[in-house]
Amino acid sequence: MYIPIMIEKDRLRVTIFGGGDVALRKIKILEGAYVKVVSDKIEEEIRKYAKRIILEKIREEDDIERLISDSNFVIIATDDRKLNLKIRDVCEKRGIIYNLVDDRDSLAIFPSFLRDDDLIISFSTSGRAPALSKFLKEIASSYIKSLDVIEKIRMNIEHDENKRSEFFSSLFRDCNFWMLIERGEKDRAFLYAMEKWRMNYEIN
């Protein structure tokens, strides 16, 4: 069973085995981390993101040991299933966290996620229904647009946690509020929310 964990990527030292499209997608997500890419063939775009590239065909377990010796996270994305499993076994033996792409038994996975400044929302079906994760991501994208408005509302209402909780529970179920957010009318959404607060929580 997976659990969600947030990791500061700038402190990672990553080795990616594989130089194709999958490796490219992963390295873009990890932009900012120290990433070393190991493969006998490399997509040209990978060179823009990798801190180090090693053009090497892995033959022995000792090669894997040497290549991951300075890493705390490994991504296994070659097109050779047997090699992928061999790299996985070495990572298991050394206690290094790894992502074995397209494998539901991978120690770590990359969920779909949305990010907007300090708000990060991730979605995963543990490989069972990736299309559902994508759908949920699309729905959540509209909610992310509301973060600055909600923060402004929070700063302008009474600091009574019970009232706040009840108010936001009601606001988040209010279709009119979300319609204004979706249309980009954030100032009107703020005024609408404040009027809702005054009508329901400031009148005795």
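Does the range 125-143 include one or more residues that are part of a helix (DSSP H, G or I) and over 30 Å from L100 (Cα atoms)? Among the residues of the range 125-143, at least one is part of a helix (DSSP H, G or I) and over 30 Å from L100 (Cα atoms), which makes the answer yes. For the range 177-197, the count of residues that are under 24 Å from P4 (Cα atoms) and outside any helix (DSSP H, G or I) is zero. A single member of K57, K93, K9, K86 is at pLDDT below 95, surrounded by fewer than 21 Cβ atoms within 10 Å (Cβ to Cβ) and over 18 Å from the mean Cα position of the chain (by Cα), and it is K57. Contact map, the range 88-99: first residue closer than 11 Å to I76 by Cβ, second residue in a helix (DSSP H, G or I), Cβ cut-off under 7 Å, separation 6 or more or different chains; pairs are V90/E61; V90/I64; V90/E65; Y98/R88; Y98/C91. Restricting the range 16-50 to residues that are assigned to a strand (DSSP E or B) and among the small types (G, A, S), which is farthest from I76 (Cα to Cα)? Out of the qualifying residues, it is A33. Comparison of I157, I76 shows that the only residue that is of a type in the set (A, V, I, L, M, F, W, C), farther than 21 Å from R25 by Cα and buried (at least 17 other Cβ atoms within 10 Å of the Cβ) is I157.
The number of residues in the range 99-117 that are under 25 Å from R13 (Cβ atoms) and not in a strand (DSSP E or B) comes to 10. Restricting to the range 182-204, name every residue that is within 26 Å of I144 (Cβ to Cβ), modelled with pLDDT of 90 or more and among the charged types (D, E, K, R). Once the filter is applied, which keeps residues that are within 26 Å of I144 (Cβ to Cβ), modelled with pLDDT of 90 or more and among the charged types (D, E, K, R), the range 182-204 yields R183, E185, K186, D187, R188, E195, K196.
In the set (1) out of contact with any helix residue (DSSP H, G or I) (no Cβ under 9 Å at 6 or more places or on another chain); (2) within 30 Å of I16 (Cα to Cα); (3) surrounded by fewer than 14 Cβ atoms within 10 Å (Cβ to Cβ); (4) not polar (S, T, N, Q), G127 fails one condition alone, (3). Inspect the range 132-141 for any residue being touching a helix residue (DSSP H, G or I) at 6+ places or on another chain (Cβ under 8 Å) and of a type outside the set (A, V, I, L, M, F, W, C) and give the result as yes or no. Within the range 132-141 (the criterion being touching a helix residue (DSSP H, G or I) at 6+ places or on another chain (Cβ under 8 Å) and of a type outside the set (A, V, I, L, M, F, W, C)), the answer is no, since none of the residues qualifies.
The values are calculated or read from the model by the stated rules, or taken from the named source; none is laboratory data. Being a predicted model, the structure only gives us computed values, none of them experimental. Don't worry about glycine lacking a Cβ; one is built from the backbone with ideal geometry, like all the others, and counts go over all protein chains shown.
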